[in-house]
1. Say we join alpha carbon atoms closer than 10 Å with springs in a Gaussian network model of the chain; which of ASP223, ASP256, ASP176 then has the biggest fluctuation?
2. How far, in degrees from 0 to 90, does helix 119-133 lean away from the longest principal axis of the Cα atoms of the chain, to the nearest 10?
3. Set the Förster radius R0 to 41 Å, insert the Cβ-Cβ distance between GLU209 and ASP28 as r into 1/(1 + (r/R0)^6), and round the FRET efficiency to 0.05.
4. Taking 7 Å along the Cα-to-C-beta vector as the label spot, tell me the LEU137-LEU70 distance in nanometres, rounded to one decimal.
5. Could you order peptides 57-64, 232-239 by the average number of other Cβ atoms within 10 Å of their residues, highest first?
6. Report the Stokes-Einstein translational diffusion coefficient (µm² s⁻¹, integer) for segment 98-255, Rh taken as the Kirkwood radius over Cα pairs, at 37 °C with viscosity 0.692 mPa s.
7. Over segment 102-226, what relative contact order in percent results from Cα pairs under 8 Å that are six or more residues apart?
8. Quick one: helix 97-108 against the long Cα principal axis of the chain, what's the angle to the nearest 10°, folded into 0 to 90?
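What follows draws every value from the coordinates through simple rules; no lab data is involved. Keep in mind it's a predicted model, so treat the numbers as computed, not measured. Neighbour counts run over all protein chains shown; Cβ positions are idealised from the backbone, glycine included.
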Amino acid sequence: MPCLSRASAVQPLAGGITNRNYRVRTVDGDQVVRLSDPESSDLAIDRENEYRNSVAAAASGAAPAVTDYLPGEGVLVVAWVEGRTFNEDDVGSAANLPRIAEVCRVLHSGPAFVNGFDMFDIQARYLSLVRERGFRLPPRYEEFAPQVERMKAAMAISPEARVPCNNDLLAANIIDDGARLWLIDYEYSGNNEASFELGNIWSESTLPEDALDVLVSSYWQRDDSAKVARARLWALISKYGWMLWASIQASVSPIDFDYWTWGLEKYDRAVAEFDGARFEGWLEAVAGT
């Protein structure tokens with residue numbers, strides 16, 4: 001690869017539960033090399049889409065530049081960003097929530113991505129694969145199918161315009177260089193509702209309820225209880241769907257990570273919301289009834 005032909009050092013990067021990542025030092029600047037496994041196709045990841053969307057995200061100004069790519073080899077190279085990777089406390093900071101909303105607006109205002117992303121469709125695809133291969137399901141999982149259908153119907157009444165979204169903004173995919181934030185890792189990227197992005201950010205970092213209010217109001221520049229309810233429902237289906245992601249990864253991934261426990265923590269929170277008294281109110285707010 002031309003960008004790595006004069007590498008002077010290679011350093012494995014910690015974190016990442018789908019791929020192997022390395023910092024490569026070169027005379028032209030440091031690079032991050034991401035190596036993916038073939039099994040990632042089971043997770044609804046299209047590497048060509050990821051590459052093209054990463055280029056579009058860089059053009060928006062929200063993501064680092066793509067410097068190389070090997071089609072069919074699972075190799076993507078992006079420019080290194082010198083900064084601090086966020087943790088969950090950083091995401092939930094009152095000072096950072098408006099900054100996160102702002103960098104999301106930058107990404108969402110950029111060039112459209114080449115594919116769509118719908119968590120209802122992803123969840124259904126994952127469930128079909130789990131059933132087909134006999135992977136584990138947690139207790140009561142399929143019991144919530146009627147609630148999922150009601151969510152899908154309510155949210156279809158007044159859908160938001162689709163914008164280019166990262167769709168996987170856990171804390172480790174946000175970098176602070178001291179002056180601005182960067183959003184990295186576009187494996188699950190696709191055109192989606194902004195409310196999914198906001199709800200998933202809130203859910204992935206297990207933030208308190210009022211943090212979602214701040215994130216939503218900062219993004220939309222107004223208080224809007226219906227937008228908060230929409231983000232809550234997207235967060236709920238994301239937790240429910242990512243549980244299946246964890247089941248698949250627990251069965252196929254060569255990475256030493258406790259995927260099942262990781263997913264079960266999300267699923268337990270989803271169950272509490274499906275069973276909770278506020279679920280009906282979110283549906284009503286989103287449907288406008």
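1. ASP256
2. The answer is roughly 80 degrees.
3. Calculated value: 0.35.
4. Modelled inter-label distance: 4.0 nm.
5. Ranking, from highest mean packing down: 232-239, 57-64.
6. Roughly 199 µm²/s, to the nearest whole number.
7. Contact order relative to length: 30 percent.
8. 70 degrees
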